[in-house]
1. Applying the Karplus parametrisation 6.51 cos²θ - 1.76 cosθ + 1.60 with θ = phi - 60° to the phi angles of region 127-134, what ³J(HN,Hα) value in whole Hz is obtained for each residue in order, glycine and proline being reported as x?
2. Tally Lys and Arg at +1 and Asp and Glu at -1 over the other residues with C-beta under 14 Å from the C-beta of Glu69: what net charge comes out?
3. Looking at the chain, what % of its DSSP beta bridges pair antiparallel, to the nearest 5?
4. Counting Lys and Arg as +1 and Asp and Glu as -1, what is the net charge of the other residues whose Cβ lies under 13 Å from the Cβ of Ile53?
5. At 1.4 Å probe radius, can you tell me the per residue accessible area of the chain in Å²?
6. Debye sum, Cα scatterers, region 78-117, no solvent: what log₁₀ I/I(0) at q = 0.17, 0.27 1/Å?
7. Rounded to the nearest 500, what is the 222 nm mean residue ellipticity of the chain from helices alone, with -39500 (n - 2.57) per DSSP H run of 4+ residues and division by all residues?
8. For the chain, set up a Gaussian network in which alpha carbons nearer than 10 Å are linked by springs, and say which option among Phe154, Phe106, Phe94 fluctuates the most.
Amino acid sequence: KFNIRIKGNYKYELGELASTLNYMAQEIIRSNQVKDDFISSISHELRTPLTSIKGWSETINSGGYDPEETKIGMEIITKETERLIGLVEEILDFSKLQQNEMKVSFARVDLKELLQEIMLNLWTKAEKRSIELRIDSVDKPIVEGDANRLKQVFLNLVDNAIKFSHENSAIDLIVSFEGNNVVVQVHDTGIGISEDHLVKVKDRFFQVDPLNGGTGLGLAISQQLVELHHGILLIQSELGVGTTIVVRLPRLLEDDSPA
Ligand code: ADP
């Protein structure tokens, strides 16, 4: 009787082990596929600016352009080089985060001031498309964080909001307190993301529209940076209606501020 019971359990465990192993194998196959797709899309992203730089510099070098065309060419080369640096920095950040090697130095950060700075940085870009940037914030929404990294997070979120908004619209940055947290909402009334694409956006290597000239890493990096600050990042979006990104971070009360 005793033996039969063991045999029964053993069989059950073996079945469970087999299905776990099967699941793990499927996951490995899937994540390898995702990585392969990622490498091919990132290579494409890197090749596009390099091809342009090569073309322009070769023609300039051969003396094939007049001074005006040469000036335009040099401007394109500078812009494409900046784009390449940005792409490489994104890849490096992502890989550091994946390997738990992102270094952060924490201090007291006022999110209202930080968002106002970001609005100034992105003002011209928004204005070009007649998009208004607005802020509605509580006083002293203080968190403990790495100011540069938090700036990177909100620059990415507001930049996306501008990129995917219609002309003559507005983007709202709303900062509030919720319990012991500071909550920032970046709200746009742009193109939105469909439900099944939202699932894929949350998959860290994926990008909804691979033709929009991005790596699809921005949101994944932002999300992981927020998590490094003991916070969470949520995406709420409806196709054709708009997107709200919610970032919740632990509030630093004045009493616990670092000396
Ligand atoms: P990328 O650098 O390629 O823009 P992100 O990770 O920042 O990558 O965004 C991933 C994708 O999510 C974008 O390509 C876009 O399709 C979608 N997305 C992000 N933010 C928004 C937004 N505010 N409105 C609509 N779509 C968005």
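1. Rounded to whole hertz, the list is 4, 3, 10, 6, 9, 8, 9, 10.
2. Around Glu69, the surrounding residues sum to -3.
3. 80 percent
4. Working: positive: Arg47, Lys54, Lys79, Arg83; negative: Glu58, Glu75, Glu80, Glu82.
Its environment carries a net charge of 0.
5. That works out to 62 Å² for each residue.
6. Log10 I(q)/I(0), no solvent term: -0.74, -0.82.
7. Result for the chain, helices only: -20000 deg cm²/dmol.
8. Looking only at Phe154, Phe106, Phe94, the biggest GNM fluctuation is shown by Phe106.
The values are calculated or read from the model by the stated rules, or taken from the named source; none is laboratory data. Since the model is a prediction, treat every value here as computed from it, not as a measurement. Glycine also receives a Cβ, built like all others from the backbone with ideal geometry; neighbour counts cover every protein chain displayed. We work out accessible area using only protein heavy atoms, side chains counted, and drop any ligands, DNA or RNA first. Shrake-Rupley method; radii C 1.70, N 1.55, O 1.52, S 1.80 Å.
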